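Laboratory data are not the source of any read-out in this text; all were calculated from the coordinates shown. Given the structure is predicted, the values throughout are model-derived calculations rather than measurements. With ideal geometry, Cβ positions are generated from the backbone for all residues, glycine too; neighbour counts draw on all protein chains shown.
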Amino acid sequence: MSPYPQVRSYFGGSSAIAGRVRIDGRGYVNDAGIFRPVFQSGLYLCVKSPAERAAFMDQTRALGFNGFRVFCGHHGQVNQPPEMARAVLPTILTEAAQRGLYVYVCACTGGGYDVEAHLSAVAQICAEHVNAILDGANEIGHGSQSELVNDVP
C-alpha cells in the first residue's frame, strides 16, 4: 500500500513497462505507442539504502511519475565512486521495473575515472533492462566533467 494514498496521479499512465523507450520521428514511443516521459530526480539514488530507494520509488509511482533520473558516475559530494553506481544500478533498474518505472541513467558525471570503460559497463547494464534510458554524460562542456567527456568533435 502506498504511503501517499491521498495523492492522485496527475499524469496518468500505466503501471507496467511497455517495452523500451525509443525515438520515432520527433517523439518518444514504446510498445504501447506515444510515450510522455514524466520523470522526477533521483540523482543520488545509488548511495541510498534499500529502504530509502524503495520509499523514493513508491513515492515516485504514487505521485504519478512514470520514471526518474539517476546519476551513475563519480560524485564526491555524496561519496559515490563510479564502481558503486555500477554495482547498484542493476538493482535500481529491477526495483524500478517492478513498480512500472523507467530510469533515465546519466552514465558519466564528474571525473577522475576511466570514462570509456565506465560508459561501456553502464551501457551493458542498461542493455539488459528494458526500462533503462541511457544518457552518455551530464552537462557536456561543464567544468565538473572530465576532459574526455568535454572533448566534443
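Would you kindly derive the ³J(HN,Hα) couplings of the range 69-80 from the backbone phi angles with the Karplus curve 6.51 cos²θ - 1.76 cosθ + 1.60 (θ = phi - 60°), listing them in order in whole Hz, with x for Gly and Pro?
Couplings: 10, 9, 8, 10, x, 7, 9, x, 5, 10, 6, 10 Hz.
Quick one: check the C-alpha center-to-center distance for the range 51-68 versus the range 74-130, whole angstrom.
18 Å
Can you classify the range 20-82 as rounded, prolate or oblate using the Cα gyration tensor, where a ≥ b ≥ c are the square roots of its eigenvalues, rounded means a/c under 1.5, and otherwise it's prolate if a/b beats b/c and oblate if not?
oblate
Can you tell me which of 28-34, 117-123, 96-102 comes out highest on packing, and rank the rest after it, using the mean Cβ neighbours within 10 Å?
In decreasing order of mean packing, 28-34, 117-123, 96-102 become 96-102, 117-123, 28-34.
Go through the range 95-112 residue by residue and turn each phi into a ³J(HN,Hα) via Karplus (6.51, -1.76, 1.60, θ = phi - 60°); whole Hz please, and just put x for glycine and proline.
4, 5, 4, 4, 9, x, 10, 8, 10, 8, 9, 8, 5, 9, 9, x, x, x
Rg to Rh ratio, the range 58-130, alpha-carbon atoms and Kirkwood radius?
With Rg and the Kirkwood Rh in hand, the quotient comes to 0.99.
When Lys and Arg each count +1 and Asp and Glu each count -1, what net charge do the other residues less than 12 Å away from VAL29, Cβ to Cβ, add up to?
With Lys, Arg at +1 and Asp, Glu at -1, the net is +2.
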